[in-house]
Amino acid sequence: LQVAAAMRMQDSLQAGTSHFFAELKRIQLVVELAQQADAQQSNANAPTVLFLLDEILHGTNSHDRLVGARGVIESLLKTGALGLVTTHDLALSDIVEKLDTPSQNVHFRDEWIDGKMTFDYRMREGVVPKSNALSLMRLLGLDV
């Protein structure tokens with residue numbers, strides 16, 4: 001496998017690059033790499049691309065994120081690439097039902113132990129059944 005990732009993008013005031021544009025440029029590279037690997041399918045030594053997309057398109061509105069994420073994921077899967085996509089946007093979990101490629105939602109579960117959030121980092125099937133953001137906000141004293 002050849003790993004291609006879009007993770008930890010940064011904006012740059014000096015370069016005039018927003019966080020969202022930096023993410024788009026990185027996703028573009030991931031898609032291009034997958035397309036190149038697909039074009040080399042006849043070469044038995046050509047590796048399959050493993051894409052890792054962290055918090056996909058989180059720098060835009062919910063509608064554009066949904067449409068854009070689905071398009072990116074579908075185009076990557078059409079190349080034969082395999083991958084993982086992370087998000088806190090539960091609306092994106094519906095994408096799995098509309099894909100032609102076998103796909104599934106998985107989640108990590110958290111627990112509150114002695115006032116601290118802990119994870120066991122075991123993937124479990126399905127969409128996460130509860131959220132933790134509001135608890136964290138309240139823990140910090142925010143009025144939510």
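The values are calculated or read from the model by the stated rules, or taken from the named source; none is laboratory data. These figures come from a predicted structure and were not determined experimentally. Don't worry about glycine lacking a Cβ; one is built from the backbone with ideal geometry, like all the others, and counts go over all protein chains shown. Accessible surface areas use protein heavy atoms only, side chains included; no ligands, DNA or RNA. Shrake-Rupley method; radii C 1.70, N 1.55, O 1.52, S 1.80 Å.
Computed from Cα positions, the angle between helix 19-39 and the longest principal axis of the chain comes to roughly 40 degrees.
Here the label points at S62 and V144, each 7 Å from Cα along the C-beta direction, are separated by 1.4 nm in the simple model.
Note on the chain: Cα convex hull, mean projected area over all directions, 11.4 nm².
In sequence order, the range 52-66 has phi-based couplings of 10, 10, 9, 6, 3, 6, 6, x, 9, 6, 5, 5, 5, 4, 5 Hz under the Karplus curve 6.51 cos²θ - 1.76 cosθ + 1.60, θ = phi - 60°, and Gly or Pro positions carry x. Between the amide H of T48 and those of Q2, distances stay under 5 Å, these residues lying 5 or more places away or on another chain, with hydrogens modeled in the peptide plane. Over all other residues within a Cβ to Cβ distance under 13 Å of H88, the charged ones net out to -2, with Lys and Arg as +1 and Asp and Glu as -1. Normalised per residue, the accessible area of the range 1-114 is 65 Å², obtained with a 1.4 Å probe and no contribution from ligands, DNA or RNA. Measuring nothing but protein heavy atoms, the accessible surface of the range 42-135 at 1.4 Å probe radius is 54 percent carbon and sulfur. Across q = 0.13, 0.22, 0.26 Å⁻¹, the range 68-132 modelled as identical point scatterers on its alpha-carbon atoms has Debye log10 I(q)/I(0) values of -0.43, -0.96, -1.20, in the order of the q list. Listed by chain and number, the lysines whose alpha-carbon sits under 22 Å from that of K78, ignoring those within fewer than 8 places in the same chain, are K25, K98. Helix-derived [θ] at 222 nm for the chain: sum -39500 (n - 2.57) over DSSP H runs of at least 4, divide by residue count, nearest 500? Result for the chain, helices only: -10500 deg cm²/dmol. Among M7, M117, M123, M137, the sequence by solvent-accessible area, most first, with a 1.4 Å probe is M123, M7, M137, M117. The charge dipole of the range 30-133, taken about its Cα centre with unit charges on the Cβ atoms of Lys, Arg (+1), Asp and Glu (-1) only, comes to about 100 debye.
Simple spin-label estimate for V3 and E74 gives 3.0 nm between the two label positions (7 Å along the Cα-to-Cβ direction from each Cα). Under 5 Å between amide hydrogens, built in the peptide plane, is the criterion, and for N105 it picks out G126 among residues at least 5 positions away or on other chains. As I understand it, the dipole of the chain uses +1 on the Cβ of Lys and Arg and -1 on the Cβ of Asp and Glu, about the Cα centre. Which of S135, L99, G68 lies farthest toward its positive end? Selected residue: S135. Modelled label positions at K130 and N43, each set 7 Å beyond Cα in the direction of Cβ, lie 5.0 nm from each other.
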